[in-house]
1. Please verify whether the stretch 52-62 includes one or more residues that are surrounded by 15 or more Cβ atoms within 10 Å (Cβ to Cβ) and within 30 Å of ALA2 (Cβ to Cβ).
2. For ARG33, indicate whether it is among the charged types (D, E, K, R) and either in contact with a helix residue (DSSP H, G or I) (Cβ under 8 Å, 6 or more places away or on another chain) or modelled with pLDDT under 95 (or both).
3. What about ARG23, is it without any contact (Cβ under 8 Å) to a residue 24 or more places away in the chain and basic (Lys, Arg)?
4. Residues ARG53, ARG33, ARG39: which one is under 28 Å from TYR87 (Cβ atoms) and among the basic types (Lys, Arg)?
5. Return the residue satisfying two criteria in turn: it lies in the stretch 26-51 and is among the hydroxyl-bearing types (Ser, Thr, Tyr) and free of Cβ contacts under 8 Å to residues at least 12 places away in the same chain, and of such residues it is most open to solvent (accessible area, probe 1.4 Å).
6. Among the candidates ARG23, ARG14, which residue alone is surrounded by fewer than 14 Cβ atoms within 10 Å (Cβ to Cβ) and not hydroxyl-bearing (Ser, Thr, Tyr)?
7. Scan the stretch 48-62 and tell me whether some residue there is modelled with pLDDT of 90 or more and of a type in the set (Val, Ile, Thr).
Amino acid sequence: MASLLTDAVNVFFRLLYYLILIRVFLSWLPGLRYSAVGRAVYNLTEPVLGPARRMLDKSPLGGGMMVDFSPVIALFMLEIVQTILLYVIGMF
């Protein structure tokens, strides 16, 4: 049971990781951003990137930056959450 749950957590976080990378690439191609696939990717990743963006906006370094570093922060935070979840699963 723990192995199945561990695999599910790993697949979920890997999928989210790839979706965030796709979103970064879509931001470089504005025409694709508004396609059906682009909107789906934005809708799936915004719950993760939105809080990271707000966190950066409140920091002294984040406000008014020309480059959006929220994907980097989000990926870092996702890695921490995944590690904690896998540790908790491993305890059982």
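1. yes
2. So ARG33 passes the test.
3. In short, no.
4. Just a single option satisfies the conditions, and that option is ARG53.
5. Looking at residues that are among the hydroxyl-bearing types (Ser, Thr, Tyr) and free of Cβ contacts under 8 Å to residues at least 12 places away in the same chain, I get TYR34.
6. From the options ARG23, ARG14, the qualifying one is ARG14.
7. Checked against the condition, which is being modelled with pLDDT of 90 or more and of a type in the set (Val, Ile, Thr), the stretch 48-62 yields at least one hit.
The values are calculated or read from the model by the stated rules, or taken from the named source; none is laboratory data. Small disclaimer: the values here were computed from a predicted structure and weren't measured. Methodologically, a virtual Cβ is constructed for each residue, glycine included, from the backbone with ideal geometry; neighbour enumeration extends over all protein chains shown. Remember, those area values only see protein heavy atoms, side chains included, never the ligands or the DNA or RNA. Shrake-Rupley method; radii C 1.70, N 1.55, O 1.52, S 1.80 Å.
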